[in-house]
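Novice: Can you read through this structure? Questions will come right after.
The values are calculated or read from the model by the stated rules, or taken from the named source; none is laboratory data. Because the structure is a prediction, the values reported are computed rather than measured. Note that each Cβ is placed from the backbone with ideal geometry, even for glycine, and that neighbours are counted across all protein chains shown. Surface accessibility is based on the protein's heavy atoms, side chains included, excluding ligands, DNA and RNA. Shrake-Rupley method; radii C 1.70, N 1.55, O 1.52, S 1.80 Å.
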Amino acid sequence: MHYFYIEPEVSGGLGDRTVIDRSSHPPIISKLYYEMEGWLGDAILESFPVFIVTDEAKQGLIAAGLTGAIFADVDVTTPDNFRELYPNRKVPPFAWLKPVGQAGHDDFGTASDGRLVVSERALDVLQTFGAANALVESFVG
């Protein structure tokens, strides 16, 4: 099976109310608030060290029986000017995708540099829901 680094669209950052422990690297997040400043429409987004996916993509990943990822709640907020900048863009519900698998073995994992590594199966599912703005390159483990 082939594996890939995927660097998703960065549409914002960690919100002010995110609970973060910066004493380790990567930092440990226990409560995630994602402040979406702009969004090109991809189903997977990131802001170091976290990844979020639309609920629709989450359901697709679960239905595909993929390994190495668990999901948690995320609160996605938008700044006051978001509606002015993107008047026709509806922000769907998102879920926090936590890669817990082994890179190059499970469908989701993280490389030693913190980048997300996905199997070809996982990449196919993500691309079905939208990952046009993600950078994808081969992973050699």
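Novice: If the chain between ASP113 and ARG89 were fully stretched, how many nm would it gain, using 0.36 nm times the residue separation less the Cα-Cα distance?
Specialist: Net length gain for the segment: 5.3 nm.
Novice: Any idea which of THR18, LEU126, GLY38 is furthest toward the positive side of the dipole for the chain, if Lys and Arg beta-carbons carry +1 and Asp and Glu beta-carbons -1?
Specialist: THR18
Novice: Contour minus end-to-end for VAL10 and GLN59, with contour as 0.36 nm per residue of separation and end-to-end as the Cα-Cα distance?
Specialist: 15.5 nm
Novice: Sticking with this structure for a sec: Probe radius 1.4 Å, ligands and nucleic acids ignored: give me the carbon and sulfur share of the accessible area of the chain as a rounded percent.
Specialist: In the chain, the share of accessible area belonging to carbon and sulfur is 48 percent.
Novice: Can you match Rg/Rh (Cα atoms, Kirkwood Rh) to one of these, (1) 1.00; (2) 0.96; (3) 0.93, based on a calculation from the structure here?
Specialist: (2)
Novice: While we're looking at this one, here's another question. Would you kindly derive the ³J(HN,Hα) couplings of the range 12-26 from the backbone phi angles with the Karplus curve 6.51 cos²θ - 1.76 cosθ + 1.60 (θ = phi - 60°), listing them in order in whole Hz, with x for Gly and Pro?
Specialist: x, x, 5, x, 4, 8, 4, 9, 9, 10, 8, 6, 10, 10, x
Novice: Still on this structure, please answer the following. Short version: ³J(HN,Hα) in whole Hz for each residue of the range 53-68, in order, from phi by Karplus 6.51 cos²θ - 1.76 cosθ + 1.60 (θ = phi - 60°), x for Gly and Pro, what are they?
Specialist: For the range 53-68, the Karplus curve yields 10, 5, 4, 4, 5, 4, 4, x, 5, 5, 4, 6, x, 6, 9, x Hz.
Novice: Taking Cα pairs under 8 Å and at least six residues apart, what relative contact order does the chain come out at, in percent?
Specialist: 34
Novice: Still on this model: Around VAL100, what is the net charge, scoring Lys/Arg as +1 and Asp/Glu as -1 over all other residues with Cβ under 14 Å from its Cβ?
Specialist: Once all neighbours under 14 Å are counted, the net charge is -1.
Novice: Can you give the charge dipole size of the chain about its Cα centre, rounded to the nearest 20 debye, using +1 on the beta carbon of Lys and Arg and -1 on the beta carbon of Asp and Glu?
Specialist: Rounded to the nearest 20 debye, it is 200 debye.
Novice: Read phi for every residue in the range 107-117 and hand back ³J(HN,Hα) as whole Hz from Karplus 6.51 cos²θ - 1.76 cosθ + 1.60, θ = phi - 60°, with x for Gly and Pro.
Specialist: Karplus values, whole Hz, x for Gly and Pro: 5, 10, x, 10, 6, 4, 8, x, 6, 6, 10.
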